[in-house]
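**Student:** Okay, handing you the structure first.
The values are calculated or read from the model by the stated rules, or taken from the named source; none is laboratory data. What you are looking at is a predicted structure, and each value in this text was computed from that prediction instead of being measured. Backbone-built Cβ (ideal geometry, glycine too); neighbour counts: all protein chains shown.
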Amino acid sequence: KLLFACIVAGVLGGFFMLIHRLVGKEVFGVVSSPVLALAVGLSGLGWMWSVDQARDATVPLLDVTTDPADPPNFSTSLIARRGAGAESLDYGAKQDAAGRPLVDLQAELYPGLVTLQLDRDPDAVFDAAMDYAHDNNWRVGSASRTAGMFEAGAESFWFGLRDDIVVRIREDGQGGSLVDIRTLARRPVHDLGRNPDRAADFLAAMSAG
């Protein structure tokens, strides 16, 4: 972690030294390149420290779903693309470091991540879910209105960490819809709460209509 922080700080410092040399004192006044580079470097270290603190404060739930009893399934083609070393897809078998089932941990930390019931028909909800996916830069892959499902991918801004997403929309038997989502990290690397937050944001948007 420290090595990576130093690399980031060094790159940022070098970048601003180059900018200083190119534009001169017209922009930076009497501030010297070394002082500017030091300030930027310290900022980079501070940012890495904040990321480290956030990681320590967040329980690593890399796989979340609104339907733990029957999680939406990914297609065989997406499973193949995940490759070797990917985070396991066996939601029911997952445990934390202390041996506590993931389903219990998710229920405690994110009680709002449950199947969403809407009064709108599945076709309308499917369109709204697809619009949300595109608006939030999800890379939509296979999609079937008939099956009421679509898959998508997302990538974190800073580190390019990939997540896989599947959305399932079913009729509730009364003219409305049941909406479920599953989102998980592709690699077993701490996601800083990214996947639970994504699921919660999606449910909130669908509920708001």
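**Student:** So which of Leu161, Leu113, Leu109, Leu89 is in the same structural domain as Pro72 (by TED's automatic domain parsing), at pLDDT 95 or above and surrounded by 12 or more Cβ atoms within 10 Å (Cβ to Cβ)?
**Tutor:** Values: Leu161 fails: at pLDDT 95 or above; Leu109 fails: at pLDDT 95 or above; Leu89 fails: at pLDDT 95 or above.
Among Leu161, Leu113, Leu109, Leu89, only Leu113 is in the same structural domain as Pro72 (by TED's automatic domain parsing), at pLDDT 95 or above and surrounded by 12 or more Cβ atoms within 10 Å (Cβ to Cβ).
**Student:** Which members of the range 90-106 meet the condition of being free of Cβ contacts under 8 Å to residues at least 24 places away in the same chain and of a type in the set (A, V, I, L, M)?
**Tutor:** Our first condition is that a residue be free of Cβ contacts under 8 Å to residues at least 24 places away in the same chain; within the range 90-106, this holds for 90, 93, 95, 97-101, 104.
Scanning the range 90-106 gives Ala93, Ala97, Ala98.
**Student:** Six or more apart or on different chains, Cβ under 6 Å: which pairs go from a residue in the range 126-143 that's in contact (Cβ under 8 Å) with a residue 40 or more places away in the chain to one that's surrounded by 14 or more Cβ atoms within 10 Å (Cβ to Cβ) and of a type in the set (Val, Ile, Thr)? Could you list them?
**Tutor:** These pairs meet every condition: Phe126/Ile169; Ala129/Val167.
**Student:** Conditions first: (1) in a loop (DSSP other than H, G, I, E, B); (2) under 19 Å from Val114 (Cα atoms); (3) not basic (Lys, Arg). Val167 passes all but one, so which condition is the exception?
**Tutor:** It is condition (1) that Val167 fails.
**Student:** With respect to the numbered conditions (1) part of a helix (DSSP H, G or I); (2) hydroxyl-bearing (Ser, Thr, Tyr); (3) out of contact with any Leu (no Cβ under 7 Å at 6 or more places or on another chain), which one is the sole condition not fulfilled by Ser207?
**Tutor:** With (1) part of a helix (DSSP H, G or I); (2) hydroxyl-bearing (Ser, Thr, Tyr); (3) out of contact with any Leu (no Cβ under 7 Å at 6 or more places or on another chain) applied to Ser207, the lone miss is (3).
**Student:** Has the range 137-145 got any residue that is within 13 Å of the chain's Cα centre (by Cα), modelled with pLDDT of 95 or more and either assigned to a helix (DSSP H, G or I) or surrounded by 22 or more Cβ atoms within 10 Å (Cβ to Cβ) (or both)?
**Tutor:** So far as the range 137-145 goes, yes, one or more of its residues are within 13 Å of the chain's Cα centre (by Cα), modelled with pLDDT of 95 or more and either assigned to a helix (DSSP H, G or I) or surrounded by 22 or more Cβ atoms within 10 Å (Cβ to Cβ) (or both).
**Student:** What tally of residues in the range 59-94 results from selecting those that are of a type in the set (D, E, K, R) and in contact with a Pro (Cβ under 6 Å, 6 or more places away or on another chain)?
**Tutor:** 1
**Student:** Please pick out the residue among Ala185, Ala199, Ala204 that is modelled with pLDDT under 95, in the same structural domain as Gln95 (by TED's automatic domain parsing) and among the aliphatic types (A, V, I, L, M). Show your work before the answer.
**Tutor:** Values: Ala199 fails: modelled with pLDDT under 95; Ala204 fails: modelled with pLDDT under 95.
Of the residues listed, the single one that is modelled with pLDDT under 95, in the same structural domain as Gln95 (by TED's automatic domain parsing) and among the aliphatic types (A, V, I, L, M) is Ala185.
**Student:** Looking at Ala152, is it at pLDDT 95 or above, hydrophobic (A, V, I, L, M, F, W, C) and either outside the structural domain of Thr76 (by TED's automatic domain parsing) or assigned to a strand (DSSP E or B) (or both)?
**Tutor:** On the way: at pLDDT 95 or above: yes; hydrophobic (A, V, I, L, M, F, W, C): yes; either outside the structural domain of Thr76 (by TED's automatic domain parsing) or assigned to a strand (DSSP E or B) (or both): yes.
Spelling it out, Ala152 is indeed at pLDDT 95 or above, hydrophobic (A, V, I, L, M, F, W, C) and either outside the structural domain of Thr76 (by TED's automatic domain parsing) or assigned to a strand (DSSP E or B) (or both).
**Student:** Of the residues Leu116, Leu109, Leu161, which single one is under 13 Å from the mean Cα position of the chain (by Cα) and of a type in the set (A, V, I, L, M)? Give the steps one after another, and end with the answer.
**Tutor:** Values: Leu116 fails: under 13 Å from the mean Cα position of the chain (by Cα); Leu109 fails: under 13 Å from the mean Cα position of the chain (by Cα).
After applying the criteria, what remains is Leu161.
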